[in-house]
Amino acid sequence: MARMIRNRADIEYAIMLAVLNFQKDFMQSNYSHIQVQFVGSTIEVDLTRSSPIPAETRFVQSDEGYTQLRQLHQALFAAGQERLQKELTEIFGEPIYDISADLDPLTGNSTMLIRLVDPGERSISL
């Protein structure tokens, strides 16, 4: 059953919790700051890591390491994406069109884009 979230602040908070829980439980990553922004029918979630992981910092010093760490992050995210998508669908009460994530290996910061169903078809107002 969909959660009835009515205002923008409640939606932002629910998204923040869902993303942080996914990052902690599935991705095994800890972030100290999260920012949720609505841009049309897309929600951009920026995550700032609490502290760099020393092994990753050293690994990304080469172009090959940078690329490999980014690809690893994207593959890991794709493996658990359905779990997050299900929770976000409950928050919005309707299907999510697409979710993607990207990691900046140099900073450890991650950006997630949540694309909603066609805005003309949405039943909620952001």
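The values are calculated or read from the model by the stated rules, or taken from the named source; none is laboratory data. All values derive from a computational prediction rather than experimental measurement. Cβ atoms come from the backbone with ideal geometry, glycine included; neighbour counts cover every protein chain shown.
Please enumerate the residues belonging to the range 81-107 that are surrounded by 14 or more Cβ atoms within 10 Å (Cβ to Cβ), free of Cβ contacts under 8 Å to residues at least 60 places away in the same chain and small (Gly, Ala, Ser).
If the condition is that a residue be surrounded by 14 or more Cβ atoms within 10 Å (Cβ to Cβ), free of Cβ contacts under 8 Å to residues at least 60 places away in the same chain and small (Gly, Ala, Ser), then ALA101 is the only one that fits.
Looking only at the range 21-61, which residues are of a type in the set (Lys, Arg) and either part of a strand (DSSP E or B) or within 12 Å of SER110 (Cα to Cα) (or both)?
Scanning the range 21-61 gives a single hit, ARG49.
Yes/no per residue for (1) hydrophobic (A, V, I, L, M, F, W, C); (2) more than 12 Å from the chain's Cα centre (by Cα); (3) within 18 Å of ARG8 (Cα to Cα):
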site: GLN71; (1), (2), (3): no, yes, no
site: ALA78; (1), (2), (3): yes, no, no
site: GLN81; (1), (2), (3): no, no, no
site: LYS86; (1), (2), (3): no, yes, no
site: THR89; (1), (2), (3): no, yes, yes
site: GLU94; (1), (2), (3): no, yes, yes
site: ILE99; (1), (2), (3): yes, no, no
site: GLY108; (1), (2), (3): no, yes, no
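Can you name every residue in the range 90-117 that is touching a strand residue (DSSP E or B) at 6+ places or on another chain (Cβ under 8 Å) and assigned to a helix (DSSP H, G or I)?
Matches in the range 90-117: PHE92 only.
Yes/no per residue for (1) modelled with pLDDT of 85 or more; (2) among the small types (Gly, Ala, Ser); (3) under 18 Å from the mean Cα position of the chain (by Cα); (4) buried (at least 16 other Cβ atoms within 10 Å of the Cβ):
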residue: ALA18; (1), (2), (3), (4): yes, yes, yes, yes
residue: PHE26; (1), (2), (3), (4): yes, no, yes, no
residue: HIS33; (1), (2), (3), (4): yes, no, yes, no
residue: LEU47; (1), (2), (3), (4): yes, no, yes, yes
residue: GLN61; (1), (2), (3), (4): yes, no, no, no
residue: THR67; (1), (2), (3), (4): yes, no, no, no
residue: GLN74; (1), (2), (3), (4): yes, no, yes, no
